[in-house]
Amino acid sequence: MPKRISQDELDKILQVVAGFSEGASLGEIIEELGGMVPRRTLQRHLSLLVEQNRLIIEGRARASRYLLPKITGKIAGTLPPVKGEIRGELYVPISQESEEIKRAVRQPIQNRSPVGYHRDFLDAYHPNTTFYLPERIRRQLAEIGRSPAGEQPAGTYALKIFNRLLIDLSWNSSRLEGNTYSLLETERLLELGEEAAGKDKREAQMLLNHKAAIEFLVGQAPATGLNQFTICNLHALLSDNLLADPQACGRLRSIPVGIGGTVYHPLEIPQLIEECFRQILTKATGINDPFEQAFFVLVHLPYLQPFEDVNKRVSRLSANIPLIRGNLCPLSFVDVPDKAYIDGIVAVYELNRIELLRDIFVWAYKRSCSRYSAVRQSLGDPDPFRMKYRREIIDYVTTVIHEGFDKKEAAGWIARKAKQEIGADDRARFIEIVETELGSLHEGNIARYRLLPEEFRSWKDNWR
């Protein structure tokens, strides 16, 4: 049996090659690695990286040099336009390699060559041998994602935080699709069934569908899995009353689809779509690590586009299946900028590059862990955005409480006030923070806003 090649080993080689602008020879790579990798082993690793199109080779024999491929921005797929206000250029911290990918996928679409589905991208993945997430990242996520539920029945931890998870995941997943409901409007819709005035009914349907899908995943956690029954039913719940053909809910597609905003063209042959769908689920089920499982489906389900629509939503909720079943902190995509997520997905579509989406996934998971108090360590420096608007956040929160606003009144007042006082680039993010703060208040943290227990309780009784 051949020795397993870890992603960490391959990443180290790529890092070494990246340091040579004119390419690196075999001898130079050996020297930079400190002679830790035998020559023949290194040659095999380099051949594999060339095979995977992660390196290119120029010259022959002793004159051979290895270089990182120039990213041309060949993109596959079509994404729906982002609706509503775009949040400036908020982004997540990413590596230099991801920065290059980001620049590539942001080239004008006319500069990118059309591409189709590359099945070898899926074929090249071998569960527990290939890893998209390096070992150090998997260890780190396991440490911060561990919950107090421990070895209790599947879904126990998700049930304990269910009300908050339901709102967070429904709102953030819908927001990434361009949904314009605010956080407070989402709470009123999911808790009271009240639609926001002036909003498209499809937006309310999208959020209600998320609620049903999350209830399914958490309520039936022991019986769910990365299998056809679960994924198709998840699609049926998420797409309910949103597809032109109601019969397409929960069924693999038999028609061609396009994805706006990209040059990627998904598979069109139904037999191949079904074959690749089954292959994705078989490989996903065979992965031992829950975080690798989650990221694998986040990559491959949207890339295949197995359904007529709603594929990204299915992938985001499917990524939570191994986390919910393992009583790990769920992934709610809190604070993930919509543009960053779209860039990461387009990089998979057009370049078969996972690095940018991986950076976003890891960052997003840390934010989710912090959100649900499953993490035992700091995420790093204070958020500069919150520091910038610290006084305004305090003023908005305390005004809502002193005025005794309910959720509907608060959502309207915050939106109007922010439109007058907060710049357009920062406004959506600012509103999200204020609404999140209001939803997170309890008697143990109200001192931050100089509130008395009596006035907090009086306001809380009307907060619905």
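The values are calculated or read from the model by the stated rules, or taken from the named source; none is laboratory data. Here the structure is a predicted model, which is why all the values come from computation and not from measurement. Note: ideal-geometry Cβ built from the backbone for every residue, glycine included; neighbour counts use all protein chains shown.
Annotations for the structure displayed:
- Subset of the range 222-274 that is touching a Pro at 6+ places or on another chain (Cβ under 7 Å) and part of a helix (DSSP H, G or I) - its residue that is nearest to THR285 (Cα to Cα): PRO222
- Condition broken by ARG390, with the remaining ones in (1) surrounded by 13 or more Cβ atoms within 10 Å (Cβ to Cβ); (2) outside the structural domain of ASN320 (by TED's automatic domain parsing) satisfied: (1)
- Contact annotation: no residue pair with Cβ atoms under 6 Å, 6 or more positions apart or on different chains, pairs a residue in the range 99-119 that is assigned to a helix (DSSP H, G or I) with a partner that is of a type in the set (D, E, K, R) and loosely packed, with under 14 Cβ neighbours inside 10 Å.
- Just one residue in the set GLU100, GLU177 is surrounded by 14 or more Cβ atoms within 10 Å (Cβ to Cβ), within 30 Å of LEU242 (Cα to Cα) and not hydrophobic (A, V, I, L, M, F, W, C); that residue is GLU177.
- Qualifying residue in the range 354-362 (condition: outside any helix (DSSP H, G or I), at positive phi and assigned by TED's automatic domain parsing to the domain that holds LEU165): no
- For the range 135-175, a residue qualifies if it is in a loop (DSSP other than H, G, I, E, B) and either touching a Ser or Thr at 6+ places or on another chain (Cβ under 7 Å) or modelled with pLDDT of 95 or more (or both), and exactly one does: ALA149.
- Residue match in the range 291-300 (condition: surrounded by fewer than 23 Cβ atoms within 10 Å (Cβ to Cβ) and either not acidic (Asp, Glu) or not assigned by TED's automatic domain parsing to the domain that holds ALA212 (or both)): no
- Selection status of ILE431, outside the structural domain of ASN163 (by TED's automatic domain parsing) and without any contact (Cβ under 8 Å) to a residue 60 or more places away in the chain: no
- Among the candidates ASP343, ASP406, ASP338, residue that is closer than 21 Å to THR186 by Cβ and crowded, with 20+ Cβ neighbours inside 10 Å: ASP338
- Wholly within the range 305-353, helices (runs of 4 or more DSSP H) carrying at least 2 residues that are of a type in the set (Phe, Trp, Tyr): 338-351
- Within the range 412-427, one or more residues are aliphatic (A, V, I, L, M), touching a Lys or Arg at 6+ places or on another chain (Cβ under 8 Å) and outside the structural domain of SER170 (by TED's automatic domain parsing).
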